[in-house]
Amino acid sequence: MADLDWLKIDRFLMGEAWAGSRTPEYRDHLCHEIGPRWGGSDADLRAADYIHSQMQENGLQQARLEQFDLDSWDYSDATLKIAGSDEALEIKPFLRCPPVDLTAPVVDLGYGTQREIDNADSAVDGAIVVMTLGPEPFTPPLPHTARLTMAASKGAAAAIVIESKTGGRMEYRSANDWRAPDIAPHPLPTVNISYEAGGRLKYLAARGTSATLNVQSQFFETPANNVVAEIEGESWPDEHVIVAGHHDTVFGTPGGNDNTSGTVAVMEAARVLAALKRETGVTPGRTIRFATWSGEEQGLQGAYAYVARHHGKDGLDSPPRFALNLDELSTGHMKGVVVMTDHMRDFMQAQLDTMNDGLACHVQGPLDAHSDHFPFTRAAIPAGILWRWRFFGRHATSEFHHEFGDSAQKLNVRELKEYVGQISRLMLRLSHVPPNDWPENPHTADEMERRAVAEIGSHTPTFHG
Ligand SMILES: [Zn+2]
């Protein structure tokens with residue numbers, strides 16, 4: 001690193017990330033021209049083609065599509081009709097909800113704690129149960145997946161989960177625990193309902209109402225594409241670091257925050273670092289790889305496929321020194337890096353300190369399986385994330401993902417420019433740390449796998465204020 005003029009490099013990277021930014025153009029193409037892009041859909045494939053072509057246009061000639069088989073799902077209709085009346089309440093299926101057509105009594109389980117399920121006793125058997133999404137606030141929090149599993153084991157036939165967000169909002173959510181080794185089926189068919197309609201449903205449930213729940217959905221296999229590109233390192237070309245984020249979205253939203261923001265940051269970091277090489281001759285020390293994933297919203301399948309292909313048994317190449325995952329970068333400015341294992345903390349903090357931006361390194365306690373760093377972590381590859389929706393200090397208006405409200409405007413252009421400059425500076429620094437100066441990785445894939453499985457059903461800290 002000694003012979004590099006970092007002040008000059010940082011000026012170029014921040015300047016190019018800001019003044020040369022193509023962020024608005026990338027945002028508009030992904031959000032408005034392509035729009036919602038559920039993994040494996042035509043729109044998702046077009047997004048991968050677009051990212052691939054832009055990477056090539058920006059000088060990353062080796063940019064390529066990597067296809068994988070996506071275990072996919074979609075639905076055509078989801079309705080809830082109140083028995084004995086014309087009333088229907090709007091619902092959304094949880095992602096990967098199995099098809100269901102059922103008329104049964106509606107039973108209110110409150111927060112769905114074990115105590116409330118036990119109190120409802122035999123009424124749960126065969127019922128459509130209603131449950132608040134957030135955990136009961138006065139006992140140790142249990143994720144909704146664990147509460148749904150308890151209701152299912154008591155015989156509940158289907159579940160309606162009431163949103164915590166108000167104003168008629170409904171998110172697409174998942175009902176299974178992503179720490180499990182495979183994508184588990186729903187504990188029971190699960191849909192969600194707005195906070196307001198949920199209040200109506202609880203009123204009706206208290207009066208012994210029955211309802212008909214109908215979800216028309218299907219599971220199928222379909223091809224999907226990851227995008228992978230790189231700028232080759234000059235000192236240790238056989239080693240690499242990777243920065244990546246998912247380009248797919250859920251239904252009905254272009255995902256301005258989740259995750260057009262992270263996708264554009266990957267595209268922009270690649271563009272800026274390619275421009276640095278082209279215009280100043282400064283290259284990475286070890287190779288910097290850039291990737292965008294499909295299938296994140298369906299159990300991180302794109303990132304899993306990549307880790308298996310590249311770093312699994314007989315994989316294509318040795319694991320990266322570090323994998324940085326970019327997801328939901330419009331919830332606040334960059335505050336630092338959260339690494340998944342403690343052995344990376346001091347090393348990463350020392351790198352951040354050289355940037356002189358007051359960035360901090362934190363360590364995630366219980367494993368976080370909610371985004372694409374997890375397949376890397378599970379394989380004992382050192383990984384980290386940036387600021388995400390669940391941390392302190394997010395913008396009050398930023399809590400949008402997985403719903404209509406996560407529109408193009410939710411991508412904060414100026415903040416993203418700063419992210420791109422800082423990410424580029426960090427990745428270039430990481431590329432130039434000599435092999436012997438990296439901390440030894442004490443973790444094994446077996447150990448991480450055991451940890452993931454042991455933590456199934458437990459609460460992941462959300463860092464809400
Ligand atoms: Zn995301």
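The values are calculated or read from the model by the stated rules, or taken from the named source; none is laboratory data. All of these numbers come straight from a predicted model, not from anything done at the bench. Every residue, glycine as well, gets a Cβ built from its backbone with ideal geometry; the counts of neighbours run over all protein chains shown.
Looking at segment 245-253, can you tell me whether even one residue there is hydrophobic (A, V, I, L, M, F, W, C), in contact with a His (Cβ under 8 Å, 6 or more places away or on another chain) and in contact (Cβ under 8 Å) with a residue 60 or more places away in the chain?
Within segment 245-253, the subset hydrophobic (A, V, I, L, M, F, W, C) is 250-251.
So of that shortlist, the ones also in contact with a His (Cβ under 8 Å, 6 or more places away or on another chain) come out as 250.
Applying the additional criterion that residues be in contact (Cβ under 8 Å) with a residue 60 or more places away in the chain yields 250.
Checked segment 245-253: at least one residue is hydrophobic (A, V, I, L, M, F, W, C), in contact with a His (Cβ under 8 Å, 6 or more places away or on another chain) and in contact (Cβ under 8 Å) with a residue 60 or more places away in the chain.
All but one of (1) touching a Leu at 6+ places or on another chain (Cβ under 6 Å); (2) farther than 19 Å from residue 454 by Cβ hold for residue 375; state the number of the condition that does not hold.
Answer for residue 375: the failing condition is (2).
I need the full set of residues from segment 7-37 which are surrounded by fewer than 16 Cβ atoms within 10 Å (Cβ to Cβ) and farther than 26 Å from residue 296 by Cα, in order please.
Within segment 7-37, 7, 8, 11, 15, 18, 19, 20 meet the criteria.
Of these, 90, 116, which one is under 30 Å from residue 221 (Cα atoms) and not assigned by TED's automatic domain parsing to the domain that holds residue 39?
Values: 116 fails: under 30 Å from residue 221 (Cα atoms).
Exactly one residue qualifies, and that residue is 90.
Need the failing condition index for residue 307 against (1) more than 16 Å from the ligand (Cβ to nearest atom); (2) touching a residue at least 60 places away in the same chain (Cβ under 8 Å); (3) part of a strand (DSSP E or B), just the number.
Every listed condition holds for residue 307 apart from (3).
(1) closer than 23 Å to residue 299 by Cα; (2) modelled with pLDDT of 95 or more: which one isn't true of residue 145, the others all being true?
(2)
Answer with yes or no whether residue 100 is outside the structural domain of residue 366 (by TED's automatic domain parsing), closer than 29 Å to residue 84 by Cβ, touching a helix residue (DSSP H, G or I) at 6+ places or on another chain (Cβ under 9 Å) and at pLDDT 95 or above. Show your work before the answer.
Values: outside the structural domain of residue 366 (by TED's automatic domain parsing): yes; closer than 29 Å to residue 84 by Cβ: yes; touching a helix residue (DSSP H, G or I) at 6+ places or on another chain (Cβ under 9 Å): no; at pLDDT 95 or above: yes.
So residue 100 fails the test.
So, of the residues in segment 342-363 that are in contact (Cβ under 8 Å) with a residue 60 or more places away in the chain and closer than 17 Å to residue 439 by Cβ, which turns out to be surrounded by the fewest Cβ atoms within 10 Å (Cβ to Cβ)?
Within segment 342-363, the first condition is being in contact (Cβ under 8 Å) with a residue 60 or more places away in the chain, and the residues that meet it are 343-344, 346-347, 351-352, 354-355, 357, 359.
When the remaining residues are screened for being closer than 17 Å to residue 439 by Cβ, the result is 343-344, 346-347, 351-352, 354.
Numbers: 343: 15, 344: 22, 346: 11, 347: 18, 351: 20, 352: 20, 354: 13.
Of everything passing the filter in segment 342-363, 346 is surrounded by the fewest Cβ atoms within 10 Å (Cβ to Cβ).
State the number of residues belonging to segment 253-287 that are assigned to a loop (DSSP other than H, G, I, E, B), over 16 Å from residue 14 (Cβ atoms) and away from the ligand (no atom under 16 Å from the Cβ).
The initial filter retains those residues of segment 253-287 that are assigned to a loop (DSSP other than H, G, I, E, B), namely 253-255, 281-285.
If we keep only those that are over 16 Å from residue 14 (Cβ atoms) as well, we get 253-255, 281, 283-285.
Add one more test, that the residue is away from the ligand (no atom under 16 Å from the Cβ), and what stays is 281, 283-285.
Within segment 253-287, residues that are assigned to a loop (DSSP other than H, G, I, E, B), over 16 Å from residue 14 (Cβ atoms) and away from the ligand (no atom under 16 Å from the Cβ) number 4.
State which residue pairs qualify: first residue free of Cβ contacts under 8 Å to residues at least 60 places away in the same chain and inside segment 90-117, second residue buried (at least 22 other Cβ atoms within 10 Å of the Cβ) and part of a loop (DSSP other than H, G, I, E, B) in any location, beta carbons under 7 Å apart, and separation of 6 or more residues or different chains.
116/109; 117/109
Please find, within segment 67-84, the residue that is surrounded by the most Cβ atoms within 10 Å (Cβ to Cβ) out of those that are aromatic (Phe, Trp, Tyr) and within 24 Å of residue 252 (Cβ to Cβ). Outline the logic, then answer.
Our first condition is that a residue be aromatic (Phe, Trp, Tyr); within segment 67-84, this holds for 68, 73, 75.
Of the ones still in play, those that are also within 24 Å of residue 252 (Cβ to Cβ) are 73, 75.
Values: 73: 19, 75: 17.
Among those residues, the one meeting the criterion is 73.
Has segment 200-207 got any residue that is free of Cβ contacts under 8 Å to residues at least 24 places away in the same chain, surrounded by fewer than 24 Cβ atoms within 10 Å (Cβ to Cβ), more than 16 Å from the ligand (Cβ to nearest atom) and not in a loop (DSSP other than H, G, I, E, B)?
Yes, there is a match, as at least one residue in segment 200-207 is free of Cβ contacts under 8 Å to residues at least 24 places away in the same chain, surrounded by fewer than 24 Cβ atoms within 10 Å (Cβ to Cβ), more than 16 Å from the ligand (Cβ to nearest atom) and not in a loop (DSSP other than H, G, I, E, B).
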